[in-house]
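The values are calculated or read from the model by the stated rules, or taken from the named source; none is laboratory data. It should be emphasised that the depicted structure is a prediction, and the values quoted were computed from it without experimental measurement. Here the Cβ is made from the backbone with ideal geometry for all residues, glycine too, and neighbour counts use every protein chain on show. When the accessible area is computed, the model is the full protein with side chains, heavy atoms only, and any ligands, DNA or RNA have been set aside. Shrake-Rupley method; radii C 1.70, N 1.55, O 1.52, S 1.80 Å.
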Amino acid sequence: MALRTEELMLNMGPQHPSTHGVLRMVVTLDGENVVDVQPDIGYLHSSVEKMMENRTYLQNIALVDRGMDYLSAMANEEVWVLACERLGKIEVPERARYIRTIMLELQRISSHLIWLGTFGIDLGAFTAFLWAMRERERIMDLFESATGGRLHHVYFRIGGVFEDLPEGWTDRCEEFCDYFLDRLPEYDELLTGNPIFLARTQGVGVLPLDTAIAMGASGPVARASGLAYDVRKAHPYEVYERVEFDIPVRSEGDCYARYLVRLEEMRQSVRIIRQCLERLPAGEIRSKVAVTLRLPKGEVYARTESPRGDLGIYLVSDGADRPYRVKIRAPAFSNLYALTEMMRGWKVADVIAILGSIDIVLSDVDR
Amino acid sequence: MSAQMMPHSDGRRSRMVRIVAGMVGLVVGLKSTLRAMFEPKVTVSYPLQKLNVSPRWHGLLALPIDPETDNDKCIICFQCERVCPDRCIHIEATGKAKDRLLTRFDIEMDKCCYCGLCVEVCPTEAIVFVPHYEASTYNRANLLYDLDDLHRAAPKEPIATGVVKVRQ
Amino acid sequence: MPTEPQYVPRSQVLPLDKALEVIDALPGGGVILTKVEEVLNWGRAASIWPLTFGLACCAIEMMQAYATRFDMDRMGIIPRATPRQADCIIVAGRATIKIAPIVRRLWEQMPEPKYVISMGSCATCGGPFYYDNYSILKGIDQVIPVDVYVPGCPPRPEALIEGFLKLQDKIKKEPFLRRRIARAAAAATQA
């Protein structure tokens, strides 16, 4: 008589040290093997899309910082401001465009550093967390002196940026670039060559290219599966068409590939920042836009490459001083779709590694 | 599916090779950890040492006193009240035209999101950020700042000075 | 035939309801109790173990406070992953109506004495999500009692540490033993 086993339902979250927020996962187990995963979302649903209809275009800049992906506040501001500028046909001065690009890339590095630290903790490498946070504090200092906020900087405005960079900021930013490139090989020593880390990530959680496309994955998750798509190259905004950078693409599609793609993205970000700092023109930083801005009737879709992937905003205006309808296309939400496909068939210990590798932010998933 | 079921089986490398590789990895990792031990310290012992907060830091809000008129610079234009995304500023005034008198200027600091839009739209720079962030309380009612609190919150001198200055 | 042990209610073994009166009546008894309490409180204040429970943006600043630059381990503040080992819960971020029962359950699972720090505007009163919103709880103090409110959106890591210092002050002043004896006595008389 064959041994009969029953499936076990395991409830992970919402309070779980490795769920990166308040995600609940209902994992169906057959012994050690994962049969099915059902993510239960909505624990951080803050009804941002509805709230945006009741706030003016300027006030919404403060809201998208908090309501959307809080690890990359600048990227949210960028996509909102971009949508408004496209609809209102508002010109942005050249200097403001460069400043925005620098800030966006700094934000990408800081977001990836948080991911690196928490991914390290999930896999038992506490030192990586401490070191990533040490580097991140330097970016926070740069942000604080330029924008006044550490996490939420209401810095971008429709038609430019709020304030010019303070004196000596560009030198400090250059200094940070040098420092950061010096530090990156340390992560190679700590994680990339570490056999324990390799054993837990290499070949784990493979997402094939066709599944990645079918599930709508974007950003580093899709690029690690071999999809060479980046909004910065495909639909350039700000000054991305004028700077040189490469899109890191891996074909393996496992956790290790996602790790390598993000590490390489940080190097490319430093490259972009350096080019922008070199070419930073002098001049105006903000074109004149009324506080109570009224956008013309119409609709627009703006998309940017946030640290998590393809972030889009669909904005409908009926000519009033506040939007008629806003729809946010959140990259983390689409990447979460691919989660079930990635986890099926792996051991229960790999669930955390796979979840950590796709870098979800629950605020972006639930909005 | 069956190949996926056994992700950790590694038939190509012998156990010995893997053990040696693991030890080498450990030594490399420990070496970088050891190197970090002799680097300059990054920790700030907060209550004793304080970081220099940037002048643009979005700290608490205040209405500084103008020494010329011995009053704040508010001209009661209600712009900050209107622009506040959290609607946490409440202003009331009596009188008409130039004789207007500020009777109420409340900021709910617990509702405030420190976005700085009120500071941006103020035409007379009456409302400012102060580089001050230590305001935790036992009682939520203390976080409603009225006119007196906002006058008092304005610093006579910069609060944070020097990168690391040990408090006497 | 062995005699069965007689069940004696605890209230008869330990006349707890009289304990406080007896201690206070003894010469110097009250002073000794207070001194013992002070020593115990000193130990408790220097080892607050919070629960790692991050809800939203403030959790990132909380992580920064645990990490290299601000290093809350200096003050004996060590994050614990389970509520059973925790003394304190930091509500870091906005709480939705969906998560509110879970926060309440986590708080109930923590052993007494327990403390709550409300970090940031959203946890204190809903903050930026106060108006025009159907899903966010207007302040975590509708669900669990809060000891210290830390304003900010999000507060700096230093501000969170200052909140912890305030909590330490509060713990140091608590009549912890007295309250505990009184509560045990009340429970014993009820039983």
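Overview of results
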read-out: Test for C:E174: is it touching a residue at least 40 places away in the same chain (Cβ under 8 Å), open to solvent by 10 Å² or more (accessible area, probe 1.4 Å) and at negative phi; value: yes
read-out: In the stretch C:79-104, the residues that are away from chain A (no Cβ under 11 Å), open to solvent by 10 Å² or more (accessible area, probe 1.4 Å) and out of contact with any Pro (no Cβ under 8 Å at 6 or more places or on another chain); value: C:Q85, C:R104
read-out: Residue match in the stretch A:96-118 (condition: modelled with pLDDT under 90, among the acidic types (D, E) and either crowded, with 20+ Cβ neighbours inside 10 Å or not in a helix (DSSP H, G or I) (or both)); value: no
read-out: Scope the stretch A:5-55; condition buried (at least 22 other Cβ atoms within 10 Å of the Cβ), assigned to a loop (DSSP other than H, G, I, E, B) and among the β-branched types (V, I, T); matching residues; value: A:T19, A:V22
read-out: Helices (runs of 4 or more DSSP H) wholly inside the stretch A:180-281 containing at least 2 residues that are in contact (Cβ under 8 Å) with a residue 40 or more places away in the chain and within 24 Å of A:E135 (Cβ to Cβ); value: A:195-201, A:220-224, A:255-279
read-out: All positions within the stretch A:197-214 that are in contact with a Ser or Thr (Cβ under 7 Å, 6 or more places away or on another chain) and open to solvent by 50 Å² or more (accessible area, probe 1.4 Å); value: A:P208, A:L209
read-out: Every pair of residues 6+ apart whose Cβ atoms lie under 8 Å, when the first sits in the stretch A:121-140 and is more than 10 Å from chain C (Cβ to nearest Cβ) while the second is basic (K, R); value: A:L123/A:R200
read-out: Flag if A:T170 is open to solvent by 30 Å² or more (accessible area, probe 1.4 Å), closer than 30 Å to A:M68 by Cα and at pLDDT 85 or above; value: yes
read-out: Candidate set: the stretch C:114-158, residues that are free of Cβ contacts under 8 Å to residues at least 40 places away in the same chain, surrounded by fewer than 24 Cβ atoms within 10 Å (Cβ to Cβ) and within 12 Å of chain A (Cβ to nearest Cβ); chosen: the one farthest from C:G93 (Cα to Cα); value: C:D132
read-out: Test: residue in the stretch A:257-269 that is open to solvent by less than 10 Å² (accessible area, probe 1.4 Å), closer than 28 Å to A:G205 by Cα and of a type in the set (K, R); value: yes
read-out: Qualifying positions in the stretch A:310-336 - within 17 Å of A:G21 (Cβ to Cβ) and out of contact with any strand residue (DSSP E or B) (no Cβ under 8 Å at 6 or more places or on another chain); value: A:F333
read-out: Filtered residue count, the stretch A:128-148, keeping only those that are farther than 30 Å from A:L190 by Cβ and under 20 Å from the mean Cα position of the chain (by Cα); value: 1
read-out: Cross-chain or 6+ apart pairs with Cβ under 7 Å, the stretch B:69-91 first and in contact (Cβ under 8 Å) with a residue 24 or more places away in the chain, then open to solvent by 70 Å² or more (accessible area, probe 1.4 Å) and in a strand (DSSP E or B); value: B:D72/B:I65
read-out: Selection count, the stretch B:24-46, where residues are within 9 Å of another protein chain (Cβ to nearest Cβ) and open to solvent by 40 Å² or more (accessible area, probe 1.4 Å); value: 7
read-out: Hits in the stretch B:85-138 (condition: closer than 25 Å to C:N133 by Cα, over 19 Å from the mean Cα position of the chain (by Cα) and not hydrophobic (A, V, I, L, M, F, W, C)); value: B:R87, B:H90, B:D106
read-out: Which numbered condition B:K73 misses (of (1) away from chain A (no Cβ under 14 Å); (2) closer than 13 Å to B:H151 by Cβ; (3) open to solvent by less than 40 Å² (accessible area, probe 1.4 Å)); value: (3)
read-out: Meets criteria (open to solvent by 20 Å² or more (accessible area, probe 1.4 Å), at pLDDT 90 or above and in contact with a helix residue (DSSP H, G or I) (Cβ under 6 Å, 6 or more places away or on another chain)) for A:R274; value: yes
